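Visitor: One structure follows; several queries about it will come next.
Just so it is clear, none of the values below were taken in a lab; they were calculated from the coordinates. No experiment lies behind these values; they were computed from the predicted model shown. In this analysis, Cβ positions are derived from the backbone assuming ideal geometry, glycine residues included, and neighbour counts consider all displayed protein chains.
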Amino acid sequence: MRRIGLLAAVLVIVLSSAVFAYESDRYNFGDIDFQGATVTVVAHFDNLSAFYEGGARAGRLEEAKALFNIGDIQLVTAGWDEVGELALNRYLSGDSKYDLWRLPHIAYFSLATRGAFYPVNEILPPEYFETLSPITREKNERLIYDGNMFHFSVGTPDDYGHAPFAVVNLDMFEREGLPDPYELYENGEWNWKNVEEMGRQVTRDTDGDGVVDQWGLAFIDPMFMIFSNGGAITRLGDDGRVYYALDEPQAINALRKLGEWENVLGISYGDWQMREFITGRTLIGIMPMWQIDATQYEFRHGILPLPMGDDVDDYVFSPGVADAIFLPRNSAYPLGMIALDNFLFPLEDYYETMEDYIRARAFDRTSYEVLNRGVSEVDGDAAYYHNFLGAWYQGETPYGGVIMGIKGGGVASTIVNEFKPQGQSMIDEYLKQ
């Protein structure tokens, strides 16, 4: 009896310390054991808030720690424009061996060019990436760097949160006696021509003080104008190389039209915060999905695609930019980190969160349909993945120089060619092509 009791005790000890094989919805990882290591999540906001008490997925962090024998999971944050530098410094100092980096798009190339990302294609099969959503797969294809893939997660809603749409003030449409915007959309007539005509009709001084206080459109991010006309900032060629694309007719015509709307007709006004739209002073606000917030509107709103440009015959759905989750190149346990990510952010949650995200913004059938089209019919050329060409307001950069020239009244065809050599040189240098 003593032998049986001793054997049973030993068995209990072995089982209590065992680490079980883990198979996610994307991959069979086998045995995963962190051996008590502490995992650090680096982000520009609290990317773990849903896992805390009272959150939608409360308790999952504790489950992960128990399942994978993790000592602790902690969060380190920095500002949106600083978190990339924080991640890089942790990598250079050797502090990132058990890091999971949730980074904004602005940080991607600054870290990729320093060799700071772990190439996950070295340990994951192609089938893994095929399980991801259309908008995630498109991002993966476009963000291959030096022959490697670094992105593997669905733990960021920015996959779809940066996709741009046209939000319309339905009350103003009705008050101004304008055509039904939904009928325009369904008839394929939601386009620049009609938007311009309506913008000219509503842009005016409404209170007689001599100052225009109502406009057709709020601030338009220039890249959204380019995408709506089938243009691109950079384009992936059939030969696998990336090319400066601002000199293409679609982009030139979009920039010319943007200049007309802002500088000549004056039907577009404001800044990226969309205050003019939020306060009901513009007919249309073109913005990424994350910025659509019905709780701020004291009017009925609807959601439509980007208005069709003159050079396209269908609506363009852009994936926007590319926030993502990465591993540092010196990761001590890359397969375990990916397993942890899969456990924390399963595909089912990704689609549930996306559905909730859409339903919180779409208050009618058409808006719901448009938002769903936006996350499933993505055009990878209609994205600003290669953001090292600069932001629109950075006049010293190729892209920023072009946009500042347009806003200053310059000729589009001249300006884009002026910056082409610098732009293509940067592309070739950054992408090592």
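Visitor: Measure nothing but the geometry: give the 0 to 90° angle between the long axis through the Cα atoms of 83-93 and the longest principal axis through the Cα atoms of the chain, rounded to 10°.
Guide: 40
Visitor: I'd like the FRET efficiency for residue 194 and residue 62, computed as 1/(1 + (r/R0)^6) with the beta carbon distance as r and R0 of 56 Å, rounded to 0.05.
Guide: Details: r = 55 Å, r/R0 = 0.98.
Efficiency, from the Cβ-Cβ distance: 0.55.
Visitor: Relative to the present Cα-Cα distance, how much length would full extension add between residue 265 and residue 31 at 0.36 nm per residue of separation?
Guide: Numbers: separation 234, 0.36 × 234 = 84.24 nm, distance 6.43 nm.
Going from the current span to full extension adds 77.8 nm.
Visitor: Taking 45 Å as R0, compute the FRET efficiency from the Cβ-Cβ separation of residue 93 and residue 293 and round it to 0.05. Write out the running numbers ahead of the final one.
Guide: Numbers: r = 39 Å, r/R0 = 0.86.
Efficiency, rounded to the nearest 0.05: 0.70.
Visitor: In segment 170-246, which GluC sites (Glu not before Pro) fall in coil by DSSP and have 16 or fewer other Cβ atoms within 10 Å?
Guide: On the way: sites: 174, 176, 183, 186, 189, 196, 197; in loops: 176, 189.
Answer in residue order: 176, 189.
Visitor: Sort 388, 152 so that the residue with the fewest other Cβ atoms within 10 Å of its own Cβ comes first and the one with the most comes last. Let's see the in-between values first.
Guide: Working: 388 20, 152 27.
Going from least to most buried by this count: 388, 152.
Visitor: Which links in 139/407; 193/420; 139/432; 193/407 stretch past 25 Å when you go from one Cα to the other? Write down the numbers at each step before the final one.
Guide: Working: 139/407 30 Å; 193/420 29 Å; 139/432 19 Å; 193/407 21 Å.
Where the Cα-Cα span goes over 25 Å, the pairs concerned are 139/407; 193/420.
Visitor: Cut-off is 10 Å between beta-carbons; in what order do 123, 233, 278 appear when sorted fewest neighbours first? Please report the intermediate quantities before stating the final value.
Guide: Working: 123 13, 233 26, 278 19.
Ranked by crowding around the Cβ, least crowded first: 123, 278, 233.
Visitor: Right, next: So what is the relative contact order for the chain, in percent, with contacts set as C-alpha pairs under 8 Å and at least six apart?
Guide: On the way: 797 pairs, mean separation 92.7, N = 433.
Once divided by the residue count of the chain, the mean separation gives 21 percent.
Visitor: Order by neighbour count: 153, 425, fewest other Cβ atoms within 10 Å first, most last. Intermediate results must be reported in sequence, preceding the final value.
Guide: Values: 153 22, 425 12.
Ranked by crowding around the Cβ, least crowded first: 425, 153.
Visitor: Related question: Between residue 127 and residue 77, take the C-beta separation as r, use R0 = 25 Å, and let me know the FRET efficiency to the nearest 0.05. Could the numbers behind the result be given before it?
Guide: Numbers: r = 34 Å, r/R0 = 1.36.
With a Förster radius of 25 Å, E is 0.15.
Visitor: The list [x] 38, 24, 20; [y] 45, 26, 18; [z] 55, 24, 20 gives values of semi-axes √(5λ) of the Cα gyration tensor in Å, and only one came from this structure; which label was calculated from it?
Guide: [y]
Visitor: Could you calculate the contour length gain from residue 137 to residue 171, that is, 0.36 nm times the residue separation minus the distance between their Cα atoms, to one decimal place in nm? Please report the intermediate quantities before stating the final value.
Guide: Numbers: separation 34, 0.36 × 34 = 12.24 nm, distance 3.81 nm.
Full-extension gain reported as 8.4 nm.
Visitor: On to the next question. Say a paramagnetic label sat at a point 7 Å from the Cα of residue 433, along Cα to Cβ; which residues of segment 365-399 have their backbone N under 19 Å from it?
Guide: It comes to 379-391, 398-399, nothing else.
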